[in-house]
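Peer 1: Questions regarding the structure given below will be posed in turn.
Read-outs: derived from the displayed coordinates by stated rules, not from any lab. Since this is a predicted model, take the numbers as computed values, not measurements.
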């Protein structure tokens, strides 16, 4: 399995606070069958993203853990005006290294009306947005049809695996199921932050997804699709056409 979204670098955001915890997270991932992890520190108003400094941390962590899992650097990119302008001016600064793919997260408090235009701007700059955990966003989980529209536009959608196992609560799980059933999810990832709650385990999410949409699709979301992302392939092996419909709240 390949995990494209994880917070495994110490003392750079709200992830681990020590190298020992970082190493333990990577060991957990390797034991779970994860062969490659992308370290994705936040870039937002609270956490500064220094690419060169972070590359050094990734290299050091790789030395500490050995060959498995293989590590690379990306970013959990907050979609704000200033960040967007910087990404457009510096297309390689925030993407998963060596690729065109950029993890994009939204604020919990607002999803700008011009988001579709922002995604088009990124695309024109050679960047493919990967929308991260929309099922957890308080706004998007109440209007997930917007995610269908962005997926139809060509965005990749990444769900947090533990959303399917109930860790984030029933409302989040319902939104996650709805997006899966409407063929608007391309990748499952851990979004791991620690060794106790938000852990670096994907196998339970893969199994939960398999029960919903079948083994082949579940494996595509943790194996072939994320592998295609880190090797900069397009289109992804599993690229379904979203089933466009309105969301009916229960």
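Peer 1: With n ≥ 4 as the cut-off for DSSP H runs, can you work out [θ] at 222 nm for the chain, using -39500 (n - 2.57) per run divided by the number of residues, rounded to the nearest 500? Working shown, then result.
Peer 2: Numbers: 9 runs with 91 residues, N = 250.
Mean residue ellipticity at 222 nm (helix-derived): -10500 deg cm²/dmol.
Peer 1: Two decimals is fine: what is log10 I(q)/I(0) at q = 0.15 Å⁻¹ for the chain, from a Debye sum with one equal scatterer on every Cα and no solvent?
Peer 2: Summing over Cα pairs of the chain leads to -1.01.
Peer 1: Please compute the Kirkwood hydrodynamic radius of segment 138-234 from all pairs of different C-alpha atoms, in Å with one decimal. Walk me through the numbers on the way to the answer.
Peer 2: Numbers: mean 1/r = 0.0731 Å⁻¹.
Result for segment 138-234 stands at 13.7 Å.
Peer 1: Separate question: If I take every Cα pair under 8 Å that is 6 or more residues apart in segment 2-230, average their sequence separation and divide by the length, what percent do I get for the relative contact order?
Peer 2: Relative CO of segment 2-230 lands at 21 percent.
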